[in-house]
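The values are calculated or read from the model by the stated rules, or taken from the named source; none is laboratory data. The structure displayed is predicted, hence computed values, not measured ones. A quick note on method: Cβ atoms are made from the backbone with ideal geometry, for glycine too, and the neighbour counts reach across all protein chains shown. Remember, those area values only see protein heavy atoms, side chains included, never the ligands or the DNA or RNA. Shrake-Rupley method; radii C 1.70, N 1.55, O 1.52, S 1.80 Å.
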Amino acid sequence: MEGQELPYVLVDCIGERYGVYEDHVGFLKKRFHLITMKEYLENKTFLSKKIRAIYMWYHKPAIDEELLQSLPNLKVVASSGVGIDHLDLKLLSSYGVKVANTPFIVSTDTADLGMALMLASSRRLVEGHEMAVSPDTEYFPADWLGVEVSGATLGIVGMGTIGYKVAERAKAFEMKILYHNRNQRKKEEESAIGAVYCKKIDDLLQQSDFVLLAVNLTPQTRKLIGKRELELMKPTAILINISRGLVVDQDALVEALQNKVIRAAALDVTYPEPLPR
């Protein structure tokens, strides 16, 4: 791009709590002219027609109609991460703006974390750690060892890329794998991991020792797991959420845990994040 002006890209800020990582700035500046929101607001008249793209980091800068109206030459919004539920796709489309994200970039890591949460919750790892470091611990009781993962039944809700990767890992633990998905996987894919399709989510909930959520957040999956679904689960079951916080009705979950409707929950995601202290 020698001799050409670098494309102008709007970012929320650099560094700070939610800003673009400073380690990434050198790479980005070789290809783009980065403009922070502060710089943009201070020189809106000049910059509004220059900006061609918005780079979102931690869902910032927030994009609304006022911002879109002020950027007549905006072509694309690039959102770091997989989820795009923080974007108004219809609004962006109405302005002719395309959306880019990074699907599959953390699929393996998220699947690993799903297994880690399953093991930590079943074997009561957090409680064990607290016991191990507590100055009041004099002995280890025999009733805190938890339950087995190996040979247990895992129900995966959402058998996309991440759900399938979790199933591949669970197979190594000799788990019985059930799954519920909008579409049934191919027979060879099911056979490779020993998975059984549940057309109705209720069937999966009633049979599973672990219920793992790996769905996208959509209007259909918002509060997919509520009071009714929790009550369908075994009282010994553990709920694991690696999708989005809003997929679970948190008030119903708190009530279910307090009343011992289910054994435990292991959450990678909540709403909001972090939860109020």
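Overview of values
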{"read-out": "Cα-based shape type of the stretch 101-158, given that a ≥ b ≥ c are square roots of the gyration tensor eigenvalues and the cut on a/c is 1.5", "value": "oblate"}
{"read-out": "Against the rule of thumb 2.2 N^0.38 Å, how large the Cα Rg of the stretch 1-109 comes out", "value": "1.06"}
{"read-out": "Highest-first arrangement of 137-150, 50-63, where packing means the average Cβ count within 10 Å", "value": "50-63, 137-150"}
{"read-out": "Percent carbon-and-sulfur accessible area, the stretch 183-277, ignoring ligands, DNA and RNA, probe 1.4 Å", "value": "50"}
{"read-out": "For the stretch 47-107: accessible area per residue (Å², 1.4 Å)", "value": "56"}
{"read-out": "Relative contact order computed over the stretch 95-217 (Cα-Cα under 8 Å; 6+ residues apart), in percent", "value": "27"}
{"read-out": "Dmax and Rg, reported as Rg then Dmax, of the stretch 80-133 (C-alpha, Å)", "value": "18.8, 57"}
{"read-out": "Of all DSSP beta bridges in the stretch 1-155, antiparallel share, percent nearest 5", "value": "5"}
{"read-out": "Prolate/oblate/rounded call for the stretch 51-186, Cα gyration tensor, a/c under 1.5 rounded", "value": "oblate"}
{"read-out": "Three semi-axes of the equivalent ellipsoid, the chain, Cα gyration tensor, whole Å, largest first", "value": "42, 22, 18"}
{"read-out": "Burial ranking of peptide ranges 156-163, 220-227 (average Cβ count within 10 Å, highest at the top)", "value": "156-163, 220-227"}
{"read-out": "Interatomic Cα distance distribution for the stretch 165-239, bins of 10 angstrom, percent", "value": "18, 50, 30, 2"}
{"read-out": "Lysines whose Cα lies under 21 Å from that of Lys187, excluding same-chain neighbours fewer than 8 positions away", "value": "Lys165, Lys171, Lys176, Lys199, Lys200"}
{"read-out": "Segments 195-208, 90-103, 65-78 sorted - mean Cβ within 10 Å per residue, highest first", "value": "195-208, 65-78, 90-103"}
{"read-out": "For Val149, net neighbour charge (Lys/Arg +1, Asp/Glu -1) across residues whose Cβ lies under 11 Å away", "value": "-1"}
{"read-out": "Centroid-to-centroid separation of the stretch 171-232 and the stretch 22-87 [C-alpha atoms, Å]", "value": "38"}
{"read-out": "The stretch 104-171 - percent of accessible surface contributed by carbon and sulfur, probe 1.4 Å", "value": "59"}
{"read-out": "Distance between the stretch 138-166 and the stretch 111-126 - C-alpha centres, whole angstrom", "value": "6"}
{"read-out": "Kirkwood Rh (inverse of mean 1/r, distinct Cα pairs), the stretch 226-277, angstrom", "value": "11.1"}
{"read-out": "The stretch 134-268 - share of DSSP beta bridges that are antiparallel (%, nearest 5)", "value": "0"}
